[in-house]
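Trainee: First the structure, then my questions, so here it is.
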Amino acid sequence: MRVGLTGGIASGKSTVTAMLQRYGAYIVDADQIAREVVEPGAEGARRVREEFGDQVFFPDGRLNRAALGEIVFRDETARKRLNRILHPLIRKEMIRRSDYFESQNVHAIVIWDVPLLIEQKLTNYVEKVIVVYVPENVQLERLMKRNQLSEEEARRRIDAQLSIEEKKKWADYLIDNSGSIENTERQVGQLWSDLKLKNG
C-alpha cells in the first residue's frame, strides 16, 4: 500500500514521518532523493549545471543550494525549469524504492513523504493522502524561527507552495500538528491502526 504524506513548509511533516516509521512504515523521502540526484556526478547535477551554469555549484562540484534557492524562489520561471529537470528523476527513484520495499514485504505500508505531492500531481501514484496541517500563521512563525528568515522571505517560501488550506481539501487523513506532540502522536496512532486495517 502506497500512501502520500504532505503538508505546508514547516508544518511538521518530518515529525509525523518519524512517528510512522517507528510504527513500521517504509519511508520514501522525496527531499532526500532530491539531494541524491544532484550529488556530484549524478545526472541531475549535470543537467542543473547545463541549465543554470557554474555559479550554482561550489568548486568541488557540490550544488550550492543557497545560490540556486536565491534564483528559484525569486523567479517562478526558473523554479519551473528546475522542477522540469529534477521531478522526473525523483519520481523514477521513488517508484524504484517503493517496488523494492514491496518486493521485500507484501504487506508493506510505504509512505511517500513529498512536500509537493499535490502540486506535482503525484496523488494518482498513491492510494491515500495524509496532510499534516498547521494554520498559516503558525507555519510562518515556525519557518522564520527554524530557518532564521525575515517575514518577507518566509512568506515567499510559503507562497511558492499551494496554500495549506487548499492542501487540506485533498486529505483522506488530516493530522493537526498545531497542538502538543502528544496530541499529534495520538492522531498518528489512530491513523496507523486505520492504514493497517485497510491494508489487510
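Rule-based calculations on the coordinates, nothing more; no lab input. Bear in mind the structure is a predicted one, so any value in this text is a computation, not a measurement. Backbone-built Cβ (ideal geometry, glycine too); neighbour counts: all protein chains shown.
Trainee: As a footprinting exposure proxy, order I111, I27 by other Cβ within 10 Å, with the fewest listed first. All intermediate terms of the calculation are to be shown ahead of the outcome.
Mentor: On the way: I111 24, I27 16.
Placing the least packed residue first, the sequence is I27, I111.
Trainee: For the chain, set up a GNM with springs between Cα atoms under 10 Å and report which of V106, V28, V48 has the largest fluctuation.
Mentor: Answer for the Gaussian network model of the chain: V106.
Trainee: Nearest 500 deg cm²/dmol is fine: what mean residue ellipticity at 222 nm does the chain get from its DSSP H runs of n ≥ 4 alone, each adding -39,500 (n - 2.57), divided by its residue count? Before the final figure, lay out each step's value.
Mentor: Values: 9 runs with 109 residues, N = 200.
It lands at -17000 deg cm²/dmol.
Trainee: Report for the chain the percent antiparallel among DSSP-assigned beta bridges with both residues inside it, nearest 5. Let's see the in-between values first.
Mentor: On the way: 1 of 18 bridges.
Around 5 percent antiparallel, to the nearest 5.
Trainee: If you average the C-alpha positions of the range 96-157 and of the range 164-200 separately, how far apart do those two centres end up, in angstrom?
Mentor: 13 Å
Trainee: Still on this structure: Roughly how tilted is helix 181-198, in degrees to the nearest 10 and between 0 and 90, from the longest Cα axis of the chain?
Mentor: Rounded to the nearest ten degrees, it is 70.
Trainee: Which of V129, V188 has the fewest other C-beta atoms within 10 Å, and how do the rest follow up to the most? Intermediate results must be reported in sequence, preceding the final value.
Mentor: Values: V129 20, V188 23.
Least crowded to most crowded, the residues run V129, V188.
Trainee: Additional query: Mind checking which of D176, D29, D60 has the largest fluctuation in a GNM of the chain, springs on alpha carbons under 10 Å?
Mentor: It is D60.
Trainee: Neighbour counts of other C-beta atoms within 10 Å: give me W192, W112 arranged from fewest to most.
Mentor: Working: W192 17, W112 25.
Lowest to highest Cβ neighbour count: W192, W112.
Trainee: Right, something else. For the chain, with a Gaussian network of springs between Cα atoms less than 10 Å apart, report the residue from R146, R47, R91 with the top mean-square fluctuation.
Mentor: Fluctuation is largest for R146.
Trainee: Once the principal axes of the Cα atoms of the range 111-180 are found, what is the range along each, listed largest first in whole angstroms?
Mentor: 37, 28, 19
Trainee: Quick one: which residues, 5+ away or cross-chain, put their amide H under 5 Å from the amide H of L5? H built at 1.01 Å from N.
Mentor: HN-HN under 5 Å from L5: W112, D113, V114, I130.
Trainee: For L197 and I71, FRET efficiency with R0 = 45 Å and r from the beta-carbon atoms, rounded to 0.05? It would help to have the intermediate numbers written out before the result.
Mentor: Values: r = 46 Å, r/R0 = 1.02.
About 0.45, to the nearest 0.05.
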